[in-house]
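Data block below; observations after.
Nothing in this text is a laboratory measurement; each read-out follows from the coordinates by a stated rule. Small disclaimer: the values here were computed from a predicted structure and weren't measured. All Cβ positions, glycine included, derive from the backbone under ideal geometry; neighbour counts span all protein chains shown.
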Amino acid sequence: MELSLKKLSQGHLKPNNVTFQYGTAGFRMKASLLDYVVFTTGILAALRSKYLQGKTIGIMITASHNPPEDNGVKLVDPMGEMLAQTWEAHATTLANTSSIEALIDEIIKIVDLFEIDLKTQSSVFIARDSRESGPALLKSTIDGLNVFDSAIRDFGLLTTPQLHYLVRAGNSNGSFGHPSSEGYYAKLSIAFKQIYKINGLNNKISIIVDAANGIGAPKVQELIHDNILEYFDHFLVVNNNIENPRLLNYNCGADFVKTNQKLPENIPNPEPFNLYCSFDGDADRIVFYYITEEKHFQLLDGDKISTLLASYFIKLIKLTGLDLSVGVVQTAYANGASTKYLSEVLKVPVECTPTGVKHLHHVAQNFDIGIYFEANGHGTVLFSDNLLNKVSPTSSNLSIKTLYYLTELINQTVGDAISDCLTILLILKLLDNGPNEWNSNYQDLPNKLLKVIVNDRNLFKTTNAERTLVQPKGLQMKIDEKVNQYPNGRSFVRASGTEDAVRVYAEAATKDDSIALADQVAELVKEFS
Ligand code: 16G
Ligand code: ZN
């Protein structure tokens, strides 16, 4: 190991004065700083695979909705889930070693701690999004992997959820699907066709997809054009230019639409009540929207997606006659009106977790049907083994059959914009709803999100799923005083996990109140920092 490490580490140096942290979704920052990080992450992936008796681990090189000059890397565990949290600290430690000797020491510590048998052959699947920095970072990651003898499959350009699917398929002996892009397309499109056919749907589907000029563009086109185009009377992908990497996430994509509450660039002749959706740069996030006759923009975000899913699954479960639990998982960013609608109208249990997909995913596993979405559009539905054992494609009950195919259509490894998109399109048809009916289930409380730059965001510590500050001392009390001055007021403060900043969220009965409350809380944050 030492010899190959010395040879392979040449050219991969840790930049001075930077501290790396495996954050909410892996390492993410300016691509120019990442070379050493991807090298050490390659090493860790090989160790993780060896530790898990040679099961396949995934490495995804992406910075999601971040600007084109950023990049990042994250690891995928064998069942397609995010890297186990206990290993995040090891990823951070390796990335922060500033000499080869220190790196060797840390590797040895990990090998000893987990009693890793280095002779076990490691196996790693790797893919990247469409960023310009991707190929060079891929090469450095592979150097890291080659420190140990690893079987490497480079899948080239993929969406993040495709890689999650492939890793799980690769570890599942065919029971989850074929471990190839074709296998992914086949699984989704077969399920889609079956749901459409067995339910006797005959109205064709219309959708315009804004793919953020990211990798989701060619992938959703391939899936739909080659497999299910006959079910659409209008299918168009805009912002599909991945040849010019500078356009990635620029004035388009899920983050742009959610943050600015307006249409992305390049929607041709927007028509009232046409349904649109936006992916982010690596297609693990989706939001929908439409415009009214008065040309008002209406966002159907992650909260609207989870309420639609919850109301549909509650109806479906009744028709199956099966005894299955349904629950929804949100974060503090979920609009208060959505939480109220879920618990008071739909009467489903609603759980709140800290921000970041891994937290929601974990809690959603407690239900037979665990629906989780962040307001920003990250999310999916998880199905329990109990449920999977009760559904079958050969059932004589149409609802049970439909439920079976939904478990195939919905990507259970991670939120997947393509899979979520197909699912929502079908559910709207099954419920015979258009965007306006979907949007009418509840009305969002006006809200405001602010970013405050502080000297040290680590001073801000929270509890109660990020809804209550425990530090700095005294600040939460002051926030509560402000909140109490506004009808339906709610506000919370948390340190960002991806940026050096603190975020302030506020909602209230009127737009003006939500802005005033956010501003006042932001002032308090500055005072206390
Ligand atoms: C990451 C998370 C996302 C979360 C966001 C919060 C994943 C795959 N991504 O992008 O879920 O909403 O961080 O960012 O978990 P923040 O901590 O900067 O507010
Ligand atoms: Zn993303």
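Kirkwood hydrodynamic radius of region 232-345 from all distinct Cα pairs, in Å? Kirkwood hydrodynamic radius for region 232-345: 16.2 Å. Taking Lys and Arg as +1 and Asp and Glu as -1, the other residues whose beta-carbon sits under 12 Å from that of residue 239 total -3.
Each principal axis of region 89-134 carries a Cα extent, and these read 37, 28, 18 Å when sorted largest first. When the alpha-carbon atoms of region 2-157 are used, the pair Rg, Dmax equals 14.0, 40 angstrom.
With a cut-off of 11 Å between beta carbons, the residues surrounding residue 78 carry a summed charge of +1, where Lys and Arg count +1 and Asp and Glu -1. Within the shell of other residues whose beta carbon sits under 11 angstrom from the beta carbon of residue 190, the net charge comes to +2, with Lys and Arg scored +1 and Asp and Glu -1.
Comparing 223, 474, 171 along the charge dipole axis of the chain, the residue lying farthest to the positive side is 171, per the Cβ-charge model.
Taken about its Cα centre, region 437-529 carries a charge dipole of roughly 300 debye when the Cβ of each Lys and Arg holds +1 and the Cβ of each Asp and Glu holds -1.
Charge dipole (Cα centre; +1 on Lys/Arg Cβ, -1 on Asp/Glu Cβ; no other charges) of region 2-157 amounts to roughly 220 debye.
When each of the peptides 144-151, 472-479 is scored by how many other beta carbons lie within 10 Å of its residues on average, the order from highest to lowest is 144-151, 472-479.
Across region 205-331, the relative contact order, built from alpha-carbon pairs under 8 Å that are at least six residues apart, equals 24 percent. Hull volume per residue, based on the alpha-carbon atoms of region 447-528 and their convex hull, is 79 Å³.
Placing pseudo-labels 7 Å out from each Cα toward the beta carbon at residue 345 and residue 459 gives an inter-label distance of 4.2 nm. Once C-alpha pairs closer than 8 Å and six or more residues apart are averaged by separation and normalised to the residue number of the chain, the relative contact order reads 12 percent.
About its Cα centre, the chain has a charge dipole of approximately 500 debye under the convention of +1 per Lys or Arg Cβ and -1 per Asp or Glu Cβ, with nothing else charged.
Projected onto the charge dipole of region 2-157 (+1 at Lys/Arg Cβ, -1 at Asp/Glu Cβ, origin at the Cα centre), which of 89, 13, 108 gives the Cα projection farthest towards the positive end? Of the listed residues, the answer is 13. Taking 19 Å as the cut-off, the amide N atoms of region 198-240 that come nearer than this to a point 7 Å along the Cα-to-beta-carbon line of residue 265 belong to 209-218, 237-240. Length available on full extension from residue 443 to residue 113: 0.36 nm per residue minus the Cα-Cα distance, which gives 113.6 nm.
Considering only beta bridges that DSSP places wholly inside the chain, some 55 percent are antiparallel. Taking the alpha carbon gyration tensor of the chain, multiplying each eigenvalue by 5 and rooting it gives semi-axes of 35, 30, 22 Å, largest first. Taking 0.36 nm per residue of separation and subtracting the Cα-Cα distance, full extension of the segment from residue 102 to residue 397 would add 100.1 nm.
In the chain, helical runs assigned H by DSSP with n ≥ 4 each contribute -39500 (n - 2.57); averaged across all residues and rounded to the nearest 500, the mean residue ellipticity at 222 nm is -11500 deg cm²/dmol.
Compute the Cα gyration tensor for region 6-63, then decide on rounded, prolate or oblate, letting a ≥ b ≥ c be the square roots of its eigenvalues: rounded whenever a/c is under 1.5, prolate when a/b is larger than b/c in the other cases, and oblate in all that remain.
In terms of gyration-tensor shape, oblate.
Mind grabbing the base-10 log of I(q)/I(0) for region 311-463 at q = 0.14, 0.19, 0.20 Å⁻¹? Debye formula, identical points on the C-alpha positions, no solvent, two decimal places. Scattering profile of region 311-463, log10 relative to I(0): -0.75, -1.32, -1.45. Per residue, the average separation of C-alpha pairs within less than 8 Å and at least 6 apart gives region 447-528 a relative contact order of 37 percent.
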